[in-house]
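Shown next, in structure tokens, is the structure this report addresses.
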Amino acid sequence: MTKKWLAYAVAALGLVSPALAQSTITFGYWGDPPELPPFEEIVSKYQAAHPDVKIEIQHAPWSGYFTRLDAQLAAGAGPDVFFITNVPSYASRGALAPLDDLIKASGFPIDEYVPSSLLTHSYEGKLYSIPRDSAPSALYYNSDAFDAAGVAYPNADWKWADLRDAAIKLTTNEGGRITRYGLALESNDWATWVQQNGGKVFDDPLKPTTFLLAEPAAVEAIQYIGDLINKDKVMPNFLEAEQAGGTAQLFSSGQAAMVITNPSRLGTFADVPFKWAVANLPAGPTGIHSNRTGGAGFAINANSKNPEAAWAFLQYLAGPEGQSIFAGAKAAAVPAMTGNETVRAAFKAPFGDVFLREAEVGEQFPQFPRFVDLSNLYIQPALDLVWNGESTAADALGGIKDKVNAELAK
């Protein structure tokens, strides 16, 4: 920790008198219109309670947020506090202030957060962002389609075989053309299936030394997905799904009877013309329940000119008060602060109990500075061969094993 940040940690203990008078801080975040009210409420309430602090907003839609943020940070500027994902990429270039000493000095209740979410917001053993949400996936299903096909609804005992059987029965054809798929998946959730089968992508998702996606448990999971697409023909490949508008459009239009996707779709599906519900993900063949830990968090700019005021605001924003506001919003985010009863009570989203259970079994997706490059160069092209039916998982993943390990050894 730098001397500047150590000084603020000491100030939090009351050994230095804080100087927040007439402080101005900037707060950057993204979001579509339905997602903005909780941000606005938090800023309004904080300023009302702290009239000596002015918060200037820097909002942008998701599509342009990181382009602007990256340019600002590269110039040594940017908001004092900002919404963030892909923490290792930013922390590795010194853009984020480490938070561990500040948390320790202030007594911030970091132990009330989902541990896997904290890992997502860490880099080389230090925490650089406090998570807002965990964004686990769940199984959305068209109840009307299940009833018409005489298929029992998903339950807590479901495993992969049950999901496959239901998908087969729910897939419909007319004249040799599929009119409804039994299932549709998000293209970036494949690692969850690997975890559910007892496999891993790397030996360590944050500091990897060995590529494990070519090992038997992982290969079996990837082949399971490939077979759903190409052998059973109960789900579209990911390019077809994208061209059809994605999983949300496939489900909303009745072209997919089940989709596995995130909690933001609760609002998307609110007005579809059929009955639907949400269930927990099926377990792997041996009963392993696992999910992906994702979500965004809040960080402090390492070059902030008002780090003390920024930390004070961050404690409110990402702490019990702010988390409760986010959890209770119409466009609710599954809170990462699940160890706090007030926050849990505020989360009243439909099927909220399902998402909270999924958050508890979340595991860290690979997240290290070079992962995007390795994925683009080797992993995704190999997976595409499987999804498109051009190769088995064993051959495709085995073909890149040595190459990825060689890159990790550099």
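Nothing in this text is a laboratory measurement; each read-out follows from the coordinates by a stated rule. Since this is a predicted model, take the numbers as computed values, not measurements. A quick note on method: Cβ atoms are made from the backbone with ideal geometry, for glycine too, and the neighbour counts reach across all protein chains shown.
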Check your understanding: Which label marks the calculated value of mean projected area of the Cα convex hull in nm², given the options (1) 44.3; (2) 24.9; (3) 20.4?
Key -> (3)
Review point. What list of ³J(HN,Hα) values in whole Hz, one per residue of the stretch 31-42 in order, does the Karplus curve 6.51 cos²θ - 1.76 cosθ + 1.60 (θ = phi - 60°) give from phi, with Gly and Pro shown as x?
Key: x, 7, x, x, 8, 7, x, x, 4, 5, 5, 5
Point to revise | For peptides 58-68, 79-89, 23-33, sequence by mean Cβ density within 10 Å, most packed first | key: 79-89, 23-33, 58-68
Exercise for review: Rounding to the nearest 20 debye, state how big the charge dipole of the chain is about its Cα centre with +1 on each Lys and Arg Cβ and -1 on each Asp and Glu Cβ.
Suggested key: 540 debye
Revision key, fill the gap. Computed ³J(HN,Hα) along the stretch 375-387: with the Karplus parameters 6.51/-1.76/1.60, θ = phi - 60°, integer Hz and x for glycine or proline, the list is 5, 5, 7, 10, 5, 5, x, 5, 4, 4, 4, 6, 4
**Study point:** Net charge of neighbours whose Cβ lies under 10 Å from the Cβ of Gly322, counting Lys and Arg as +1 and Asp and Glu as -1
**Key:** 0
Review point. Roughly what angle does helix 307-318 make with the longest principal axis of the chain, taking Cα atoms, 0 to 90 degrees, to the nearest 10?
Key: 40 degrees
Practice item. Please count, across the stretch 137-233, the pairs of lysine residues with Cα atoms under 26 Å apart that sit 8 or more places apart or on different chains. Key: 7
Revision key, fill the gap. Rounded to the nearest Å, the spacing of the alpha-carbon centers of the stretch 391-410 and the stretch 134-173 is 33 Å
Exercise for review: Once you have a ≥ b ≥ c as the square roots of the Cα gyration tensor eigenvalues for the stretch 351-410, tell me rounded if a/c is under 1.5, and otherwise prolate or oblate according to whether a/b is larger than b/c.
Suggested key: oblate
Point to revise | Helix axis angle, 62-74 relative to the chain longest principal axis, alpha carbon, degrees | key: 40 degrees
**Study point:** Placed amide H near Thr210: partners under 5 Å, 5+ positions off or other chain
**Key:** Asp203, Asp204
Review point. If you count the DSSP beta bridges with both ends in the chain, what percent of them are antiparallel, to the nearest 5?
Key: 55 percent
Review point. Could you give the angle, 0 to 90 degrees to the nearest 10, between helix 3-12's Cα long axis and the longest principal axis of the Cα atoms of the chain?
Key: 80 degrees
Review point. Over the stretch 86-241, with a single point scatterer placed on each C-alpha, what log10 of the ratio I(q)/I(0) does the Debye formula yield at q = 0.09, 0.10, 0.11, 0.16 1/Å?
Key: -0.45, -0.54, -0.63, -1.00
Exercise for review: For the stretch 282-410, just say rounded, prolate or oblate: build the C-alpha gyration tensor, square-root its eigenvalues into a ≥ b ≥ c, call rounded for a/c under 1.5, and beyond that prolate if a/b exceeds b/c, oblate if not.
Suggested key: oblate
Check your understanding: How large is the helix-only mean residue ellipticity at 222 nm for the chain, computed as the sum of -39500 (n - 2.57) over DSSP H runs with n ≥ 4, divided by its residue count, in deg cm²/dmol to the nearest 500?
Key -> -12000 deg cm²/dmol
Point to revise | Cut-off under 5 Å, modelled amide H: who pairs with Ser253 long-range | key: none
